[in-house]
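Worksheet: one structure, shown below.
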Amino acid sequence: MKNSKTAVFVTAILALAARAAASAQDMPAPALSGPPVVTDARGRGTLPTVSGHTAIVPTLYQLDAQPIEQISPLVQRQYLNGTQSTFVKWTVKKGGVFPLHHHASEQITWITEGRCEVYSQGRKFVMTAGTVLVIPPNTPHEFVCTEDTIDIDFFAPQRQDWLDGAPSVAAGR
């Protein structure tokens with residue numbers, strides 16, 4: 001189960017990386033081919049049912065079809081929740097800030113375009129396209145985007161605060 005979630009996550013990341021690389025070269029991004037396709041493949045990708053988890057069917061999403069939330073004038077968010085994790089695409093204009101905060105989830109941040117400075121524990125981490133930062137649970141951190149940036153984040157466990165309706169810290173509330 002864990003490996004199939006990882007494979008889906010890696011596939012989504014690779015697709016986003018291909019689009020980011022195309023835009024970085026001033027080439028048009030590949031056209032989206034419509035909604036995700038799911039077809040029957042009897043007998044493939046199955047294991048004997050030894051627990052409730054082996055019988056759960058994965059869910060396929062088209063990230064660009066997810067609602068875009070305008071968090072602040074400089075920050076937009078699109079996100080999906082799995083049963084144990086949250087996946088987020090942030091589109092941040094130069095000057096966008098995520099003030100100092102912490103949360104119970106581990107955060108893996110991947111910058112696919114642009115540049116951010118991340119401050120945590122008295123250190124400054126400069127993130128540019130292709131860099132990944134792993135932030136342990138409950139570790140204070142803040143982001144300052146010094147260029148227009150696309151930031152892909154993966155949180156585990158889920159961001160329960162967002163499920164409960166709490167705003168993003170980028171909203172400045």
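The values are calculated or read from the model by the stated rules, or taken from the named source; none is laboratory data. Everything quoted here is computed from the prediction, not taken from an experiment. Neighbour counts run over all protein chains shown; Cβ positions are idealised from the backbone, glycine included.
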Checked region 143-163 for anything more than 12 Å from the chain's Cα centre (by Cα) and among the aliphatic types (A, V, I, L, M); matches are Val144, Leu163
Does Gln84 fit the bill of being assigned to a loop (DSSP other than H, G, I, E, B) and either on the phi > 0 side of the Ramachandran plot or not acidic (Asp, Glu) (or both)?
yes
Can you find a residue that is exposed (fewer than 15 other Cβ atoms within 10 Å of the Cβ), more than 17 Å from Ala170 (Cα to Cα), of a type outside the set (Phe, Trp, Tyr) and within 12 Å of the chain's Cα centre (by Cα) anywhere in region 130-142?
yes
Odd one out for Ser168 among (1) buried (at least 20 other Cβ atoms within 10 Å of the Cβ); (2) out of contact with any helix residue (DSSP H, G or I) (no Cβ under 9 Å at 6 or more places or on another chain):
(2)
Pairs please, first residue from region 114-141 and in contact (Cβ under 8 Å) with a residue 40 or more places away in the chain and more than 20 Å from Phe155 (Cβ to Cβ), second anywhere and assigned to a strand (DSSP E or B) and among the acidic types (Asp, Glu), Cβ atoms under 6 Å, 6+ apart in sequence or on different chains.
Ala129/Glu113
Consider region 115-146. How many of its residues are assigned to a loop (DSSP other than H, G, I, E, B), closer than 14 Å to Leu100 by Cα and β-branched (Val, Ile, Thr)?
1
Looking at region 27-35, can you tell me whether even one residue there is modelled with pLDDT of 65 or more and closer than 30 Å to Thr112 by Cα?
yes
